[in-house]
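Participant: Mind looking over this structure? Questions follow.
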2 protein chains.
Amino acid sequence: MAFKTRAQYVADDLRQRILGGEFSGGTQLRQDALAKDYGVSRIPVREALLTLEAEGLVEFHAHRGAFTTELSVAKIRELFDLRVLVEGYVLERAIPRLTPADLAQAETILSDYDAALNAGHQIDHWSDFNFAFHRALYAPAELPEAMAMIAQLNTKSDRYIRMQLLYTRQIEKAEREHHALLDLARQGDAAGACQVLERHILDACEGIVAVLEHHLASQA
Amino acid sequence: MAFKTRAQYVADDLRQRILGGEFSGGTQLRQDALAKDYGVSRIPVREALLTLEAEGLVEFHAHRGAFTTELSVAKIRELFDLRVLVEGYVLERAIPRLTPADLAQAETILSDYDAALNAGHQIDHWSDFNFAFHRALYAPAELPEAMAMIAQLNTKSDRYIRMQLLYTRQIEKAEREHHALLDLARQGDAAGACQVLERHILDACEGIVAVLEHHLASQA
DNA sequence: ATCGGGACATTTGTACACAATATGCAAAAT
DNA sequence: ATTTTGCATATTGTGTACAAATGTCCCGAT
């Protein structure tokens, strides 16, 4: 795993740029420009774009190139509903199998980020922390395929989560919910934890939709 | 959509070959050999392999190449459990929105395949028919992201479904279940349909696991 | 004025050639 | 004898160059 091909490097960096909001939905990504940007040939760029296509961040049209995907409000709702469904399924199975070590790890991730929050604004890495925390809770279920699906759903919705965080200061709220989630997990209350998780995800969704609709309204 | 690049063509054909069982799990797919096979250069082959990697059919290791993935019994169970979860979710939402036209289309697909079954052994296209039928039932839910996930889960488990069909004559059973499913859908009985669907998927899973374990036992 | 058709330019898709890396074997050192 | 180091070879990864396809612009016809 130590070695990274140029294609992987470009894919990783480009993913960050897309998720960071550098390109608005529907932007064409010219292979030549990206190649010059990264100082590589177009081939690793193409391969990176293909990877991102599979992740749902860009779309290829034969002989017309790659475009960043545009998510509608309906699709965002759909993505978050699916997250509720799958993450709830996994969490329910993970909680009875949580060991003290698992809980300690989740605790550590959470307090580390609390500390980072107080130090400064780390929006860039919030997604990673968020996913790391959720992963720590889900891992004991030992459902790798489901985890892969969850990762995919998260990647697809990440761009919009960032947008929401930028406009509304909801990180603190999310952190409070994380603590509540951890407490319920510690008590082994699967039903309660799933309920909090559902609310956690759906609230984030509504926040994003609100921001997005406000944004669209102001553009029109 | 009319035009197909060579990369897409190779991806489609190679997917069929993998799903058809031509390569056992863990086989290395040499780019050079495939390129000569298809009469193209290695680049579209690489791109095809990247696509298949995203679909979970092969795995890339840097500088070592692509290998077909190997699914464990645990992963197969996980995949089918996820199918129950997601397909049930979609079906429940689709049934109240089913129009007579939707039902007619599903009916047509089903009777077309019944006819094909009587004519000869069409195992090659069973997956397509199967997916087409399920898609017809799910489509009215208008959940494209969920449909994409379902397609992905189906692709991953297809190889093993074929194996099961080859060893056990379960197509007829599946067809009977399809008819039952369609009847319940026609009556608007969402709960009943979901129950039949769950049984439909889990029975297939158990059949595959039985075949696989028998297979593994005879190898050892 | 509008619509249709054809040449041009831009961009993607692919072949070919080379560079970089992993693996296996052999030989040497401990 | 075991381990390690270096080399040979095969295979992947990438740069360069060319072919194919798409969209655009201009021109002429209706």
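Participant: In square nanometres and to one decimal, what's the mean projected area of the convex hull around the Cα atoms of the stretch A:73-219?
Facilitator: About 8.3 nm², averaged over all directions.
Participant: Taking 21 Å as the cut-off for C-alpha to C-alpha distance, list the pairs among A:LYS36/B:LYS4; A:LYS156/B:LYS4; A:LYS75/A:LYS156; A:LYS4/A:LYS36 that go past it. The partial results should precede the final answer.
Facilitator: Numbers: A:LYS36/B:LYS4 28 Å; A:LYS156/B:LYS4 26 Å; A:LYS75/A:LYS156 10 Å; A:LYS4/A:LYS36 19 Å.
Cα-Cα > 21 Å for A:LYS36/B:LYS4; A:LYS156/B:LYS4; rest within.
Participant: Tell me the net charge near A:ARG6. Cut-off is 12 Å between Cβ atoms, A:ARG6 excluded, with +1 for each Lys or Arg and -1 for each Asp or Glu.
Facilitator: On the way: positive: A:LYS4, A:ARG42, A:ARG46; negative: A:ASP12, A:ASP13, A:GLU47.
Counting the neighbours of A:ARG6, the net charge comes to 0.
Participant: Note down the nm distance, to one decimal, between modelled labels 7 Å out along Cα→Cβ at A:ALA116 and at B:GLU70.
Facilitator: Taking the two extended label points, one gets 3.6 nm.
Participant: Let me ask you something else. Run the quick spin-label model on A:ARG42 and A:ALA210: label points 7 Å from Cα toward the beta carbon, then report their separation in nm to one decimal.
Facilitator: 4.6 nm
Participant: How much accessible area does B:ILE150 have with a 1.4 Å probe, in Å² rounded to the nearest 10?
Facilitator: Only protein atoms counted, so the area is about 0 Å².
Participant: Using alpha-carbon positions, what is the distance between the centroids of the stretch A:1-71 and the stretch A:168-213, in Å?
Facilitator: 32 Å
Participant: So what is the 222 nm mean residue ellipticity for the protein assembly as shown from helices alone, if each DSSP H run of at least 4 adds -39500 (n - 2.57) and you divide by all residues, rounding to the nearest 500 deg cm²/dmol?
Facilitator: -25000 deg cm²/dmol
Participant: With each label point set 7 Å from Cα along the Cα-Cβ vector, what nm distance links B:ASP183 and B:SER218?
Facilitator: Label at B:ASP183, label at B:SER218, 3.5 nm between them.
Participant: Follow-up question, since we're still on this one. Which value does Rg/Rh take for the protein assembly as shown over its C-alpha atoms, Rh per Kirkwood? Walk me through the numbers before you get to the answer.
Facilitator: On the way: Rg = 23.0 Å, Rh = 23.8 Å.
So for the protein assembly as shown, dividing Rg by the Kirkwood Rh gives 0.97.
Participant: Let me ask something else. Am I reading the A/B interface right? What is its buried accessible area, both sides, 1.4 Å probe, to the nearest 100 Å²?
Facilitator: Numbers: alone 12120 and 12120 Å², together 21820 Å².
It comes to approximately 2400 Å² buried between A and B.
Participant: Give, as a single signed number, the net charge of other residues whose beta carbon lies under 14 Å from the beta carbon of B:TYR167, with Lys and Arg counted +1 and Asp and Glu -1. Write down the numbers at each step before the final one.
Facilitator: Details: positive: B:ARG159, B:ARG162, B:ARG169, B:LYS173; negative: B:GLU206, B:GLU213.
Net local charge, B:TYR167 excluded: +2.
Participant: Given the convex hull of the Cα atoms of the stretch A:73-145, what is a quarter of its surface area in nm²? Present the calculation step by step, with values, prior to reporting the outcome.
Facilitator: Numbers: hull surface 23.6 nm².
Result: a mean projected hull area of 5.9 nm².
Participant: Further question on the same structure: Using a 10 angstrom cutoff on alpha carbons, build the Gaussian network for chain B and name the most mobile of B:PHE80, B:PHE60, B:PHE133.
Facilitator: Result for chain B, Cα springs under 10 Å: B:PHE60 fluctuates most.
The values are calculated or read from the model by the stated rules, or taken from the named source; none is laboratory data. Here the structure is a predicted model, which means the values were calculated and not measured. Methodologically, a virtual Cβ is constructed for each residue, glycine included, from the backbone with ideal geometry; neighbour enumeration extends over all protein chains shown. Areas reflect the complete protein model, heavy atoms only, side chains present, ligands, DNA and RNA absent. Shrake-Rupley method; radii C 1.70, N 1.55, O 1.52, S 1.80 Å.
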